[in-house]
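Asks: Here it is, the structure in full.
The values are calculated or read from the model by the stated rules, or taken from the named source; none is laboratory data. Since this is a predicted model, take the numbers as computed values, not measurements. Ideal geometry is used to build each Cβ from the backbone, glycine not excepted, and the neighbour counts take in all protein chains shown. Just so you know, the surface numbers come from the protein's heavy atoms only, side chains and all, with ligands and any DNA or RNA stripped out. Shrake-Rupley method; radii C 1.70, N 1.55, O 1.52, S 1.80 Å.
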Amino acid sequence: MEDALKTRTATDPMHLLDVAQHPLQDWLRQQGLPSYRGRQICRWLFQSRVETFAQMTDLPAELRRRLEAEVPLWTTRVVAHAQSKDGTEKLLLNLSDQQQVECVLLRDGTRRTICVSSQVGCGMGCVFCASGLEGVVRNLNSGEIVEQMLHLLRLLPADQRISHIVMMGMGEPLANLNQVLPALAAAESPDGMGISARRITISTVGLPEAIQRLVRLGCSYNLAVSLHAADDRLRNELVPVNRQIGIEQILVAADAYFARSGRRLTFEYVLLAGVNDRTEDAQRLAGHLKDRPALLNLIPYNPVPGLPYRTPSTASCRRFTQVLLRAGVNVKVRQRKGSAIDAACGQLRRLQTPDVVAIRHTPALQ
Ligand code: SAH
């Protein structure tokens, strides 16, 4: 699945933050410069949050000039910035081929979580999600993923750090692991944001082969599996990619991930009124989860214009939750964040409705 999708754009110039390609190390080596310069540059970007090489004042002036002249730093540009009263902020980024993606900063107590996209659009076809309405256009490259992190980081005051990363933006991260993993490694690095893998969550529609790859790699990210239905008949309808997979295979892969990583699994379940929120759905779901080391995240449907689904009432969410709790499942109902600016789960999209873009335009960051 991964190789079939183009990642890069036609011209493909070198891009400093495209960490999957090790561009900085290669460039420094070619110039006969020591590799610690690379670590210095990373610290300027991820820790001091500067925008230009010129601001990296402990680099020799001549090196700064050559970097400015020869090494492209940013390939994405913030073209809109929306802020919600609950502290959520959403950025719309233009990519070098004029495609666009969105990413989100969420504030919760002292937590500062960023929600990052992995693809332009999404190919999984979940019928209730805005991100896949127009299909998938291409994978993001690792640089475009890292740039989302940096743009979001720059929204925080200097004394605040990003505490968590969730790969829950647009796209299916497990369909683009070759780019997602190096980007996460950059975030984890002590010269990057120094975020431990335990504070990073990869959310997936459930692609067993890719989950098995994470197992082989010995990853210790949190794995969140978007289940949304407890039987294959319903899941085939709601999550069409399930037709080639099936719930059983996903659970087997998720169990293997737990066995290797020791990380408690998370399952996500969007609640759609009258579709997957019946008592029997809850009972069947409890059957899958009650003996697993798992947390169930229930997500009341966030409305997407043009889609026919409805959010269940609070009473109906509570009834569904009770069935699971009584069966011994750990359940959390996900707090809705950012829905006022269409930044909540499933509301990120590639093609912007004019009112969203108009919320507030920021001057270009470069
Ligand atoms: N492709 C990955 C990453 C997306 S994460 C995945 O499927 O997990 C976004 C989460 O929000 C997923 O669980 C997704 O199914 C859920 N979601 C999508 N549309 C939604 C909507 N309209 N309301 C609530 N949750 C939604």
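Matching residues to (1) of a type in the set (A, V, I, L, M, F, W, C); (2) without any contact (Cβ under 8 Å) to a residue 24 or more places away in the chain; (3) closer than 19 Å to residue 148 by Cβ; (4) open to solvent by 10 Å² or more (accessible area, probe 1.4 Å):
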residue	(1), (2), (3), (4)
48	no, yes, yes, yes
51	no, no, yes, yes
62	no, yes, no, yes
65	no, yes, no, yes
125	no, no, no, yes
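Asks: From 186, 210, 197, grab the single residue that is under 18 Å from residue 49 (Cα atoms), modelled with pLDDT of 95 or more and open to solvent by 10 Å² or more (accessible area, probe 1.4 Å). Quick ask: steps written out before the conclusion?
Replies: On the way: 210 fails: under 18 Å from residue 49 (Cα atoms); 197 fails: under 18 Å from residue 49 (Cα atoms).
186 is the lone residue from the list that is under 18 Å from residue 49 (Cα atoms), modelled with pLDDT of 95 or more and open to solvent by 10 Å² or more (accessible area, probe 1.4 Å).
Asks: Mind checking which residues of the range 249-258 are away from the ligand (no atom under 15 Å from the Cβ) and either free of Cβ contacts under 8 Å to residues at least 12 places away in the same chain or touching a strand residue (DSSP E or B) at 6+ places or on another chain (Cβ under 9 Å) (or both)? Lay out the reasoning, then the answer.
Replies: Of the range 249-258, the ones away from the ligand (no atom under 15 Å from the Cβ) are 249, 251-252, 255-256, 258.
Across the range 249-258, the qualifying residues are 251, 255, 258.
Asks: Looking for something at pLDDT 80 or above and open to solvent by 50 Å² or more (accessible area, probe 1.4 Å) - is there at least one such residue anywhere in the range 343-352?
Replies: Checking the range 343-352: at least one residue is at pLDDT 80 or above and open to solvent by 50 Å² or more (accessible area, probe 1.4 Å).
Asks: Of the residues 245, 165, 145, which is within 15 Å of the ligand (Cβ to nearest atom), of a type in the set (A, V, I, L, M, F, W, C) and open to solvent by 10 Å² or more (accessible area, probe 1.4 Å)?
Replies: Checking each option against the conditions leaves just 245.
Asks: Among the numbered criteria (1) under 28 Å from residue 178 (Cα atoms); (2) within 16 Å of the ligand (Cβ to nearest atom); (3) β-branched (Val, Ile, Thr), which single criterion is violated by residue 88?
Replies: (1)
Asks: Follow-up question, since we're still on this one. Do you know which of the residues in the range 267-286 that are more than 10 Å from the ligand (Cβ to nearest atom) and open to solvent by less than 50 Å² (accessible area, probe 1.4 Å) is farthest from residue 248 (Cα to Cα)?
Replies: 273
Asks: Follow-up. Consider only pairs whose beta carbons are under 8 Å apart and that are at least six residues apart or on different chains; among these, list those whose first residue lies in the range 168-195 and is without any contact (Cβ under 8 Å) to a residue 24 or more places away in the chain and in a helix (DSSP H, G or I) and whose second residue is more than 15 Å from the ligand (Cβ to nearest atom) and open to solvent by 10 Å² or more (accessible area, probe 1.4 Å).
Replies: 188/194; 188/196; 188/197
Asks: Pull up the range 127-138, narrow it to residues that are in contact (Cβ under 8 Å) with a residue 12 or more places away in the chain and within 13 Å of the ligand (Cβ to nearest atom), then point me to the one that is most open to solvent (accessible area, probe 1.4 Å).
Replies: 133
Asks: Right, here's the next one. Could you run through the range 67-96 and say how many residues are among the basic types (Lys, Arg) and modelled with pLDDT of 95 or more?
Replies: Let us first name the residues in the range 67-96 that are among the basic types (Lys, Arg), namely 77, 85, 90.
Filter again for modelled with pLDDT of 95 or more, leaving 77, 90.
Of the residues in that region, 2 qualify.
Asks: So in the range 287-307, with the set limited to residues that are within 11 Å of the ligand (Cβ to nearest atom) and open to solvent by 60 Å² or more (accessible area, probe 1.4 Å), which one is nearest to residue 201 (Cα to Cα)?
Replies: 303
Asks: Could you tell me how many of the residues in the range 134-161 are within 14 Å of the chain's Cα centre (by Cα) and part of a loop (DSSP other than H, G, I, E, B)?
Replies: 2
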